[in-house]
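Input: a single structure, listed below in structure tokens.
Nothing in this text is a laboratory measurement; each read-out follows from the coordinates by a stated rule. For clarity, every value in this text was computed on a predicted model and none was experimentally measured. Don't worry about glycine lacking a Cβ; one is built from the backbone with ideal geometry, like all the others, and counts go over all protein chains shown.
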Amino acid sequence: MRKIIVITAVLFALLLPVGTAVFGETSGWMNVPLKDINSGKTFTISDFAGKPVLLETFAVWCPTCTKQQKEFKKLHEEMGDDIVSISLNVDSNEDESRIREHISRNGFDWYYAVSPPELTRLLIQQFGTAIVTAPVAPVILICEDHSARLLRRGLKSSGRLKEELARGCN
């Protein structure tokens, strides 16, 4: 049932008018305001200029997503504040309380937010529907200069994430 809901959400997002992006050019998605579920503070991805950012889309029900987040946790234990991680929930059926419970249960402490529909649409426009297919563990690397690339599908170990960070966006 959840897969049907996610597929429906993706199809709905694809049917939305695509004309000019609401927030400007294709990287306009970096300026969409997000609310950090941990702190309640508002932020944008562009707030982290000068630092590499790993943006992961996920759903609480997705075991692969939780495994990917455990690899993020290992990476943060090794690299500390040298990187920023943002986990963006793309399941419209999951609310902040369910996500907060997931964060607490797993001991995760980086940025978590619910993806607003306009952000989801802009991400799909730039990266395709794989970006909202939680079980493939989608992760976008956003480099210091705000260039971005979608990393390969599937679970990525903390070692692999370090390699991708070293490779950058070129």
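When 130, 166 are screened for being touching a Pro at 6+ places or on another chain (Cβ under 7 Å), without any contact (Cβ under 8 Å) to a residue 60 or more places away in the chain and more than 19 Å from residue 40 (Cβ to Cβ), only 130 passes. Checked against (1) out of contact with any strand residue (DSSP E or B) (no Cβ under 9 Å at 6 or more places or on another chain); (2) within 21 Å of residue 60 (Cβ to Cβ), residue 121 meets all criteria but (2). Number of residues in segment 70-106 that are more than 18 Å from residue 157 (Cα to Cα) and not in a helix (DSSP H, G or I): the value is 8. Of the residues 35, 41, 74, the single one that is within 24 Å of residue 144 (Cα to Cα), surrounded by fewer than 18 Cβ atoms within 10 Å (Cβ to Cβ) and free of Cβ contacts under 8 Å to residues at least 24 places away in the same chain is 41. For segment 125-167, residues that are out of contact with any Cys (no Cβ under 9 Å at 6 or more places or on another chain), assigned to a loop (DSSP other than H, G, I, E, B), among the aliphatic types (A, V, I, L, M) and closer than 15 Å to residue 66 by Cα total 1.
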